[in-house]
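Report on the structure given below.
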């Protein structure tokens, strides 16, 4: 089962490699949404207007997601006090697996559950992970697909630039 999920994820990622870059989301208002969080609260994107927000779509079967989460958590811990927020959006059908993973990794940023994939469709997510960076006015400024070591430096540079605006 794990191998099948991994292969499905790889195929999913390969076919989706260019779709977000050409989707035209960058520069558009970020679609608002509300989802239940790992703490049981419902969180709404529009509640973070005025902050720079990173939305990271991930799944438990995604190896690169697991690799980048501690790095994202470090970015969140470092810049939260100056107007940066990070919302992890998990797309697993079973939120208990996601809870196990965030507990195992010690993630401190809010994790939201999109089991119906409605929010993922709003953001045209068809690969894992996908990271969307939203400016203080609520506009999508950057969209990143996948993760490879070194991407965190790009995230850091983009977040810092938006915080300075």
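The values are calculated or read from the model by the stated rules, or taken from the named source; none is laboratory data. This structure is a prediction, so every number in the text was calculated from the model and none was measured. Note: ideal-geometry Cβ built from the backbone for every residue, glycine included; neighbour counts use all protein chains shown.
Within the range 86-109, residues that are in contact (Cβ under 8 Å) with a residue 60 or more places away in the chain have Cβ atoms under 7 Å from residues that are assigned to a strand (DSSP E or B) in these pairs: 98/90; 98/111; 98/113; 102/111, counting only partners at least 6 apart in sequence or on another chain. Against the numbered list (1) closer than 21 Å to residue 63 by Cα; (2) surrounded by fewer than 18 Cβ atoms within 10 Å (Cβ to Cβ), residue 81 comes up short only at (1). Taken residue by residue, the range 111-118 has no member that is touching a strand residue (DSSP E or B) at 6+ places or on another chain (Cβ under 6 Å), more than 17 Å from residue 73 (Cβ to Cβ) and at pLDDT below 95.
Return yes when residue 134 is at pLDDT 95 or above, within 13 Å of the chain's Cα centre (by Cα) and within 17 Å of residue 47 (Cα to Cα) and no when it is not. Judged against the criteria, residue 134 is a match. Scanning the range 111-137 for residues being under 14 Å from residue 98 (Cβ atoms), part of a loop (DSSP other than H, G, I, E, B) and touching a residue at least 40 places away in the same chain (Cβ under 8 Å) gives a total of 3. Considering each residue of the range 88-107 in turn, at least one proves to be part of a loop (DSSP other than H, G, I, E, B) and under 22 Å from residue 149 (Cβ atoms).
Just one of the numbered conditions (1) closer than 20 Å to residue 52 by Cα; (2) exposed (fewer than 14 other Cβ atoms within 10 Å of the Cβ) is not true of residue 116: (1).
The condition (being modelled with pLDDT of 95 or more, surrounded by fewer than 18 Cβ atoms within 10 Å (Cβ to Cβ), out of contact with any helix residue (DSSP H, G or I) (no Cβ under 8 Å at 6 or more places or on another chain) and assigned to a loop (DSSP other than H, G, I, E, B)) is satisfied by just one residue among 50, 27, 40: 50. Does residue 145 qualify as being under 13 Å from the mean Cα position of the chain (by Cα), touching a residue at least 40 places away in the same chain (Cβ under 8 Å), under 23 Å from residue 32 (Cβ atoms) and surrounded by fewer than 19 Cβ atoms within 10 Å (Cβ to Cβ)? For residue 145, the condition - under 13 Å from the mean Cα position of the chain (by Cα), touching a residue at least 40 places away in the same chain (Cβ under 8 Å), under 23 Å from residue 32 (Cβ atoms) and surrounded by fewer than 19 Cβ atoms within 10 Å (Cβ to Cβ) - is not met.
Here's a check for you: in the range 75-85, which residue that is in a helix (DSSP H, G or I) and without any contact (Cβ under 8 Å) to a residue 40 or more places away in the chain is nearest to the chain's Cα centre (by Cα)? Result: 76.
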